[in-house]
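To start, the structure under review is shown below, and the notes come after it.
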There are 2 protein chains.
Amino acid sequence: MKVLIISADNFEDTELLVPYYRMLEEGHEVDIASMEKGMIKGKKGYEVEANRSISDIDSDDYDVLILPGGKAPAEIRKVPKALEIAREFFDRKKPVAAICHGAQTLISAGLVKDMHATCYHSVAPEMKEAGARYEDKEVIVDGNLITSRQPSDLPAFMKEIMKMLHK
Amino acid sequence: MKVLIISADNFEDTELLVPYYRMLEEGHEVDIASMEKGMIKGKKGYEVEANRSISDIDSDDYDVLILPGGKAPAEIRKVPKALEIAREFFDRKKPVAAICHGAQTLISAGLVKDMHATCYHSVAPEMKEAGARYEDKEVIVDGNLITSRQPSDLPAFMKEIMKMLHK
């Protein structure tokens with residue numbers, strides 16, 4: 001199983017690190033992609049290495065896409081190749097998991113229309129505007145899409161990701 | 001399964017939050033105990049609720065003890081009841097998992113003598129002094145004791161905790 005995390009500076013630290021460590025615990029290979037290779041720094045100060053550049057990603061190499069929140073998605077959503085990667089995951093019905101502001105990337109990619117989904121409360125207006133069936137719930141699964149609202153939802157978020165990966 | 005985490009202000013944020021969320025993902029009940037009930041704050045600024053006071057803990061209520069690192073253990077190790085709880089887990093051969101500076105609590109409780117264990121590099125001298133068979137390794141399991149060195153060891157640490165809990 002190969003996991004792709006797309007993020008950037010000012011990620012929500014636990015929303016990146018908890019899924020990252022969980023996937024490594026499970027024995028999966030994890031790539032972290034950002035605008036450029038190199039260290040990226042979370043809002044709370046944790047640093048992780050983005051070992052891939054978004055421009056070099058071939059989505060066919062991965063089984064699941066994870067989109068952490070924080071302020072990173074506001075930048076990620078401006079990168080056309082990041083939106084293209086998300087669309088390819090959806091086209092191939094491969095799992096996509098977005099937490100908090102991570103949903104912004106999916107909104108910009110035009111992928112939430114008619115989807116049952118959740119996100120950070122301040123992102124809810126634009127998610128509804130984009131045509132999603134938004135609900136204020138710790139985790140929502142709709143087809144290949146898993147969404148959660150915030151760090152405290154991480155246990156429920158990870159549980160549904162693991163369920164989808166292992167069925 | 002019931003999990004006890006003992007920590008205090010200035011905990012290493014991921015070393016508390018990653019095991020906490022992982023146990024909740026698994027459906028386990030988790031109590032966080034500190035000197036007093038109430039919010040405790042990590043070195044990086046995350047806050048969690050200590051829903052128990054160490055003085056009120058009956059170790060018989062729990063199946064596993066987790067000791068995160070950071071600067072918290074330097075205070076926890078001064079609390080006689082915390083050391084007593086750790087000793088009771090060892091007496092009953094129940095799993096105890098300590099990461100980073102978390103091992104300081106076990107050192108003060110006199111529990112590492114002749115144990116094969118690891119810890120944060122700066123704690124290594126006092127761990128050796130206390131008679132442990134120290135090794136610089138991401139995770140070490142010896143009897144009921146699981147130890148790791150630092151946040152980046154969390155995947156290996158959690159893997160061994162889950163293995164011990166489910167056997």
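General remarks:
- Flag for B:I40 being buried (at least 19 other Cβ atoms within 10 Å of the Cβ) and farther than 14 Å from B:T14 by Cα: no
- For B:F90: the one exception among (1) crowded, with 18+ Cβ neighbours inside 10 Å; (2) under 28 Å from A:K159 (Cβ atoms); (3) in contact with a strand residue (DSSP E or B) (Cβ under 7 Å, 6 or more places away or on another chain): (2)
- Check on A:V30, out of contact with any strand residue (DSSP E or B) (no Cβ under 7 Å at 6 or more places or on another chain) and within 27 Å of B:G45 (Cβ to Cβ): no
- Figure legend. Inter-residue proximity from the range A:35-62: first residues within 14 Å of chain B (Cβ to nearest Cβ) and over 30 Å from A:K93 (Cβ atoms), second residues among the hydroxyl-bearing types (S, T, Y) and in a loop (DSSP other than H, G, I, E, B), beta-carbon distance below 8 Å, spacing 6+ or different chains. Indicated pairs: A:K44/B:Y46.
- Residue match in the range B:129-138 (condition: in contact with a helix residue (DSSP H, G or I) (Cβ under 6 Å, 6 or more places away or on another chain) and assigned to a strand (DSSP E or B)): yes
Matching residues to (1) touching a residue at least 40 places away in the same chain (Cβ under 8 Å); (2) more than 14 Å from chain B (Cβ to nearest Cβ):
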| position | (1), (2) |
| --- | --- |
| A:I107 | no, yes |
| A:A132 | no, yes |
| A:R149 | yes, yes |
| A:P155 | no, no |
| A:M164 | yes, no |
| A:K167 | no, yes |
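- Residue in the range B:111-126 that is polar (S, T, N, Q) and within 21 Å of B:I32 (Cα to Cα) present: no
Every read-out reported here was derived from the displayed coordinates using simple, explicitly stated rules and does not represent laboratory data. Small disclaimer: the values here were computed from a predicted structure and weren't measured. We place every Cβ from the backbone using ideal geometry, glycine too, and count neighbours over all the protein chains shown.
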